[in-house]
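To start, the structure itself, in structure tokens.
The values are calculated or read from the model by the stated rules, or taken from the named source; none is laboratory data. What you see is a predicted model, and the numbers here were worked out from it, not measured in a lab. Note that each Cβ is placed from the backbone with ideal geometry, even for glycine, and that neighbours are counted across all protein chains shown. Heads up: the accessible areas ignore ligands, DNA and RNA and are worked out on the full protein's heavy atoms, side chains in. Shrake-Rupley method; radii C 1.70, N 1.55, O 1.52, S 1.80 Å.
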Amino acid sequence: MKKLPAIIVSVAIGLTVLAGYFFQAELSTVLSLIVDWGILLAGVAGLIGLGYLAQYHLTRLMKREKGAFFSLITLLVFLFTLVAGLTLTTQNPFYRNLILNVQVSVEASLLAVLAVTLMFASLKLIRTRGWTPMSVGFLISALISLVLNLGVGMTESGTVLGELVAFWRRLPIVGARGILLGMAIGGLIVGLRILLGMHRPYGEE
Amino acid sequence: MTWTLIGWLVIGIAAVLLAAFWILFRTHDFYAIRYSAAIQSLQCAQSGAIERGRSRQLVLGNQLNGWTYPGLGLHALACLPGFLSQESVVEGGLSVASGDGELVVFARQIARQYYQQGFSLGLHQVGVQTMLPGPTPWSLTAGLLSTHPQNNSGSTALLGYFGAEALLWSEAALGNGGDVFSAGGTLAGQSVLFLNVRDLLIGERVFMMPGKPDANRVSLAGWLTEDVLRLFLIVGLVVGAILKMVGVL
């Protein structure tokens, strides 16, 4: 019962934002105020989240857990980035080059690890899932897509083979759209459940 | 009729159906709870991890508000209470990680709320660990890989918004002898996890999770509304395709 005011406020704000899409002219001032508050709150929450990041690595360092050395490096780099960002600003070319050159190369190395892991996972697919229609279908469609993307079977449209290849190329898009439509409906229902106050993850169901 | 109007019509119908079924399920309980082997397996893995004193990890993805998949971050938060039983919370082996500061803050608030309902923070300090190993998808990956409990991995659940990098998280958990469950991710994330995660929910089945394992009338109303909307959509697509074929559209 003590959560009732919070529920009323959140539902009222949610419904106002929703109504704002229908009655833009009438609710534009209220909407912009709510959106500004939302951005402010999200910014503060993000800042607190960064505090958790520092706290997490600081705790590991204090407890001298395994990998604490990496936490020390993370904290030092975090502090350096923060101070440099505040003093030089994010528009400074030196600062931007420094951050991008480090970040891009680190991310590229993780991407390389992912590519190798993906290859091994593909080889293990049948062992993981067995000879099921789904796993066999997945393997066959992946192989066909790979072959088609190599440019094999590229013929002029209008011929039977050309239409067949175009059909095979369209199939993944069709499947992806089906999955996305299902996810969109699911996301809509989750949003409405929370917006209408039916589902309350913060307790007192 | 514009596409925007059609969109709002769908939202309106969904809201009305949801409210109607919610009221209907107060007195009637006729919609069957769907069985999912993956969710059963997750429950077994969670209990097994608590019994064996192994760690349990919950990854809430790296975005609360993703434009491409807007519901996934919220969905991850909606699923969190399902992992916060009293036994599970007091045991202390559960850690919740995310790559988004907002998600971590909200997850921490939810976890503390559930903890305080059963225990006093002054008497028992264990609770749930919430952490932000890194603020971007790849730094989250690096953080998760470096902090993954060696040889003590019990159960790992992947929820929310994530991409193909989730393969590395799952591989680390499986390599340490743990079980992995996934209900979330982008299309790329879901397809790479299909390769090595057995307990996986794909597409609209991802959104079955908040109601599982103990479905209440809100979950039942949600599932029935989803099914009705899906039926409308299928009929609409088939009719649209036929009209296109005969040249009306």
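Key figures
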quantity	calculated
Number of the exception - A:P93 against (1) loosely packed, with under 10 Cβ neighbours inside 10 Å; (2) at pLDDT below 85; (3) over 26 Å from B:D199 (Cα atoms)	(2)
Filter result for A:R96 (over 16 Å from B:S191 (Cβ atoms), among the basic types (K, R) and away from chain B (no Cβ under 14 Å))	yes
Breaking point among (1) under 28 Å from B:T68 (Cβ atoms); (2) at pLDDT 85 or above; (3) facing another protein chain (nearest Cβ under 7 Å), for A:I194	(2)
Residue in the stretch B:54-65 that is touching a Gly at 6+ places or on another chain (Cβ under 9 Å), facing chain A (nearest Cβ under 7 Å) and not charged (D, E, K, R) present	no
Residue check for B:A20: more than 21 Å from A:L188 (Cα to Cα) and in a helix (DSSP H, G or I)	no
Test set (1) under 25 Å from B:Y31 (Cβ atoms); (2) over 16 Å from the mean Cα position of the chain (by Cα); (3) open to solvent by 10 Å² or more (accessible area, probe 1.4 Å) - B:V192 fails condition number	(1)
Yes/no for A:G151 being in a helix (DSSP H, G or I) and among the small types (G, A, S)	no
